[in-house]
Each structure stands twice: as structure tokens, then as C-alpha cells.
């Protein structure tokens, strides 16, 4: 990239290599600070449709966006509706999770390292994380922490949150979680990492967005179009992997040593069975890439369809419809 953004786009070199040649019309479903969009425009994309639910993303991009003229189209919305914004795309890229732009702003309430209102809303509207932790029943709160954050101490933390209500700031919540867990060893993540992840996912319906977004990408991509998805934790990666495995026309086998069973016409050809991770140079330059995994697939000409959410491992809370 000729111009740097506020953060380093994770696995961008790996994405550009896996998706080469970069040409035609691409959709960046998680625009954020614009790192992927700019990289694709510099690499040869004729146009990039940049989608983000956070209006701040486009405000911050205004000073440089005009450089690309009509090659850059900014679309306020969610990537689960990408097929309403475009069709016959040559590529789609998704960088899941919270952006560094949002983490760096204490007033957005995403970070347990900076004190601010307990918000976490990517779109800046609707119920906040504070609304959730102060109104949810203990059982529901524990389920969110366990299924969305893979937090083993979910029940203990949920009880502590209920006892401490009202919980209104990020550092207040982080302190509650810290008291429920052992002191981390050197090199381990902050004790509140999983709880903050879980609440953010719940507030923004991130798993629902991913499930709908994968099917929307299938509908929006032209034959030969490329789908690149970067995930940052195991649940997201499992959903993407299972979706692509199913859409590549292969069924999961009870016996992993048995040949894969062809079940239906393939909507995607998976580029690599194994996810791509950051190399040592990127790990040294960008610690955020430590947990990142990239999966890339190419759209076939088979008709688009639908897939059951449970079949790709989407977490389902008790009582949810």
C-alpha cells in the first residue's frame, strides 16, 4: 500500500497473494479504517464497494477517500445485506470482529484497557452493552459469556455482574471480571478478554451477521469471484470452515479417515483446506495478527442456496428463536 492507515490490515499480503490477480469490482464488508479497501484499490481493483455499519468509519475516511474518485463507493449498512448493494462481484473480503478504530476510542466502550461508557455498539444505535448487563437474567447472561466468549467461569461472572448492578463503565466491568478469575500468567490475555468479546458479539449480533453474510456473499459473487474471510477466534473460524466445506459439496464424516462424501453441486472451491496464519514477520510487526486465520474460496457457477445455522456451528442460546 502506498498510504498507511491508522492500523495495519491483518494478513493483507496473504490475502492479496491468495486472491491474485486483483481486478474487477470488490466488496469490503468490514471497511473500518479502510486498510483492506485501499490495499485492493492499489493492487488493481477497478472499484471497491466499502460497507460498514459504523458511520464514523466514513467520516474518518473522508480526507483520503476522494483520492480514488468513483473507484471507491461507500455504503452505510451491514455486510449481511451485501447482495442488496451489489451483484456479480469479483471478490468479497471480510475482516471480522472489532476494528482498531473502535478499540482506540474510549467513548465507544469496546476496550477493557480504557475507561468509558459500556457501549460496544458498532452502529451507534440500539441497545448497548450496559443495557444488556443491567437487564439480562443471570442464566441468559451466563449463556452469552459461555457460548459467545467461551468463558468457562461464565456463571461465576454472571452472578458477580448481577450483584454489582448497575454496571455502567468498561473499567467497572473489567474489574468485576478480574475478581472472578485467577491472575493471568505472563503472556496470557487479560482476564476480561472473553467476557468483553461475548458481550460485543451479543450486542452486535455478530454470529447472526456472519451466518447471513456468508450466504449473501454466495449470492453476490459472480462465477470465479473470490471470498476471503479473516477470523480472530475459534467460533468464527469454525463457522466459516464448515460453511465452505458444505458449500464445496462435501459432507462432514463421522470417520475422519473415510473419503469425503460428495452431497451436492459445489457453490465454492476452497483454495486451501488449512487456514492461513500470519508469518513471523507479520507477528513481529502486528501483534493483532496472532490469532487471525484466513480462509479463501472461489465461487462456482452452481446456484446459490441456503444452509442451516446449526450445521455450521453457530452458537444458539437457550430460549432464542
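The values are calculated or read from the model by the stated rules, or taken from the named source; none is laboratory data. As the structure is a prediction and not an experimental result, all values here were calculated from the model. Neighbour counts are summed over all protein chains in view; Cβ atoms, including those assigned to glycine, are modelled from backbone coordinates with ideal geometry.
Data for the structure
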item	result
Residue 60 in the same structural domain as residue 215 (by TED's automatic domain parsing), out of contact with any strand residue (DSSP E or B) (no Cβ under 8 Å at 6 or more places or on another chain) and surrounded by fewer than 23 Cβ atoms within 10 Å (Cβ to Cβ)	yes
Among (1) farther than 22 Å from residue 213 by Cα; (2) modelled with pLDDT of 95 or more; (3) touching a helix residue (DSSP H, G or I) at 6+ places or on another chain (Cβ under 8 Å), the one test that residue 21 misses	(3)
Flag for residue 264 being at pLDDT below 90, under 17 Å from residue 307 (Cβ atoms) and surrounded by fewer than 21 Cβ atoms within 10 Å (Cβ to Cβ)	yes
Residues of the stretch 120-131 that turn out to be assigned to a loop (DSSP other than H, G, I, E, B) and buried (at least 19 other Cβ atoms within 10 Å of the Cβ), as a count	4
Residue match in the stretch 179-188 (condition: within 17 Å of residue 112 (Cα to Cα), modelled with pLDDT of 95 or more and exposed (fewer than 15 other Cβ atoms within 10 Å of the Cβ))	yes
Condition met for residue 230 (assigned to a strand (DSSP E or B) and under 27 Å from residue 273 (Cβ atoms))	yes
Residues (touching a strand residue (DSSP E or B) at 6+ places or on another chain (Cβ under 8 Å), within 26 Å of residue 98 (Cα to Cα) and part of a loop (DSSP other than H, G, I, E, B)) located in the stretch 292-309	292
Tabulated pairs, the stretch 70-93, first without any contact (Cβ under 8 Å) to a residue 24 or more places away in the chain, second part of a strand (DSSP E or B), C-beta under 8 angstrom, 6+ apart or interchain	70/47
Residue 102 under 30 Å from residue 216 (Cα atoms), touching a residue at least 40 places away in the same chain (Cβ under 8 Å) and in contact with a helix residue (DSSP H, G or I) (Cβ under 9 Å, 6 or more places away or on another chain)	yes
Top-ranked residue of the stretch 14-45 - restricted to ones that are outside any helix (DSSP H, G or I), in contact (Cβ under 8 Å) with a residue 40 or more places away in the chain and more than 19 Å from the chain's Cα centre (by Cα), ranked as surrounded by the fewest Cβ atoms within 10 Å (Cβ to Cβ)	23
